[in-house]
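Have a look at the structure below before the remarks.
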Amino acid sequence: MTRIPLALALLIALASPAAAHKLKVFATVAGAEVTGYAFFVGGGRAQGTGWVAQDATGATLAEGKTDAEGRYRFTPPQGAGDITVIVNTEEGHIAQAVLPAARLEGRAEAAGSGSAGPAAGASLAAAGVVTAAPATPARDDAALAALVEAAVQRQVEPLQEQIEAMDARLRLTDVMSGIFLIIGLAGIGLFLRGRRR
């Protein structure tokens, strides 16, 4: 008689949470902003859901609600360190994504380096200065590195989104494994019940 409660306790201890409606958060750095979206495993975005961005100490940096596509966007302060974006649907679904401080480095240079050239050329033209050749802005190594980083980020971001979606997707093998686990446990239970008689 003690076998049934023991088996039941073992099943409860080994049970894992269902992933059918698991919430996931994607976050990336785009220029001077942190952008991303919240989505459910198996499809669907978390629309109109509250989100909060916190630094490593837990202080709130930004907060709001996701838009109709489940997206959020905010500009973190300089030197914020690691940023954690937490999305809470208030229906029992909470997920978070952590952006390390290393991914935030150089974002100000990437956002500001492209705008210095045209503004300088416009101010020279307004002052009446005539040049023989179009002026090209002098780019130092830091500005060039920021431009390269921004270009690579634009190319890599769709790949990061695809990887995140693939990791979160419920696969057929996962479903089949769950079904056969249930059948196997039922078989073990029937075997033990038959031995008892």
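Taking the stretch 42-59, which residues are assigned to a loop (DSSP other than H, G, I, E, B) and free of Cβ contacts under 8 Å to residues at least 40 places away in the same chain?
Residues satisfying the conditions are Gly43, Gly44, Gln47, Gly48, Asp55, Ala56, Thr57, Gly58, Ala59.
Of all residues in the stretch 60-110, which are in contact (Cβ under 8 Å) with a residue 60 or more places away in the chain and part of a loop (DSSP other than H, G, I, E, B)?
Once the filter is applied, which keeps residues that are in contact (Cβ under 8 Å) with a residue 60 or more places away in the chain and part of a loop (DSSP other than H, G, I, E, B), the stretch 60-110 yields Thr89, His93.
If we scan the stretch 99-115, do we find a residue that is of a type in the set (Lys, Arg) and modelled with pLDDT of 70 or more?
yes
Identify the residue in the stretch 16-61 that is surrounded by 15 or more Cβ atoms within 10 Å (Cβ to Cβ) and of a type in the set (Val, Ile, Thr) and, among all such residues, is modelled with the lowest pLDDT.
Looking at residues that are surrounded by 15 or more Cβ atoms within 10 Å (Cβ to Cβ) and of a type in the set (Val, Ile, Thr), I get Val41.
Given (1) closer than 22 Å to Arg154 by Cα; (2) modelled with pLDDT under 85, where does Gly70 come up short, assuming only one miss?
(2)
The values are calculated or read from the model by the stated rules, or taken from the named source; none is laboratory data. Since this is a predicted model, take the numbers as computed values, not measurements. FYI the Cβ positions are ideal-geometry reconstructions off the backbone, even for glycines, and counts take in every protein chain you see.
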